[in-house]
Structure formats: structure tokens, C-alpha cells
Amino acid sequence: MCQMDSKDVRWKQRYSNYKKAMGQLTEFVEKPDLNKFEVQGLIQCFEYTFELAWKTAKDYLEAEGFSVKSPRQTLQTAFQAELVHDGHTWIDALEKRNLMAHTYDESVAQEAERLIRRRYYPILKALQKKLENMH
């Protein structure tokens, strides 16, 4: 029982950090015209918010009795458990994180900003809402 309690607490603590990161990401996303430095900030904020998202999902799934090891396995299990709905977009975001390290290239940074705003922010927001209902 004690182990389950600590796992339950861990995902809720991580969720609290995820929620704060989502607040920061929302500020970037809601600002329509970002300068190149703000775009870099948006991308960095997305990177750590995405990291918190999959780790929060991992902690939640483990508290529910699932065994997950990698980010990819976590996202696949989260999809199967209906914690997330757009599994392909989650995997795409996971794969595009490496691309985003190259924000010094302005065209890469612009593409990253577009993907974050249109595809990745909505799935992060949906996960936040789903976890909030379970909190």
C-alpha cells in the first residue's frame, strides 16, 4: 500500500510542475508575433514541457499498475490506456525534439514554432485537462 501511495504522490507532484510549465507555454502560444529570441524561448519551453508531459504520464501509468520504460513506450501505453488520444502526434513530437535543437537555423525555428502552435500545444493541453480530472 505504501508503494502505491508514493507512486500516486509522485505523479501528482510531477503534474503540478507540468501545470506550471503549461502556464508558461500558454503565454508564448497566446502571443501572436514572436521575435527570433522569443521563438527560441517558445521552443525551449516546449522542450521541457514535453519532457514533463511524458514523465507525468509515465508516473501516472505506473501508479495505475503499468510498467513503462522509454518515452516511446510511455506514449504508446498512454494511447492504449486512453490517457492521450492522438498517438501519432505524440510520437511525432517526440521525434521532432531532436530537430528543435537546431534553432540557430531560422527556417528550422519557424517550422518548430508552427508545429508547436498548431499540433503539439493542443495535445499537451488535452493531456493537462485529462490529468486535472484525475487529480
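The values are calculated or read from the model by the stated rules, or taken from the named source; none is laboratory data. These numbers come from a predicted model, not from an experiment. We place every Cβ from the backbone using ideal geometry, glycine too, and count neighbours over all the protein chains shown.
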* When you go through (1) in contact (Cβ under 8 Å) with a residue 60 or more places away in the chain; (2) closer than 26 Å to MET134 by Cα one by one for CYS45, which number turns out not to apply? -> (1)
* Residue check, GLN128 at pLDDT 95 or above, buried (at least 16 other Cβ atoms within 10 Å of the Cβ) and over 18 Å from ARG14 (Cα atoms) -> no
* Going by the structure shown, is SER67 of a type in the set (Ser, Thr, Tyr) and more than 28 Å from ARG10 (Cα to Cα)? -> no
* Are any residues in the range 56-100 touching a Phe, Trp or Tyr at 6+ places or on another chain (Cβ under 8 Å) and touching a residue at least 60 places away in the same chain (Cβ under 8 Å), and if so, which ones? -> THR56, TYR60
* Asked: Which of the residues spanning the range 23-37 are under 19 Å from the mean Cα position of the chain (by Cα) and more than 15 Å from LEU115 (Cα to Cα)?
  -> GLY23, GLN24, GLU27
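Do the conditions hold for GLU27, that is, is it surrounded by fewer than 19 Cβ atoms within 10 Å (Cβ to Cβ), free of Cβ contacts under 8 Å to residues at least 12 places away in the same chain, part of a helix (DSSP H, G or I) and on the phi < 0 side of the Ramachandran plot?
Against the criterion (surrounded by fewer than 19 Cβ atoms within 10 Å (Cβ to Cβ), free of Cβ contacts under 8 Å to residues at least 12 places away in the same chain, part of a helix (DSSP H, G or I) and on the phi < 0 side of the Ramachandran plot), GLU27 qualifies.
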* Structure fact -> Across (1) closer than 23 Å to ILE43 by Cβ; (2) surrounded by 14 or more Cβ atoms within 10 Å (Cβ to Cβ); (3) under 16 Å from the mean Cα position of the chain (by Cα), HIS88 clears everything bar (2)
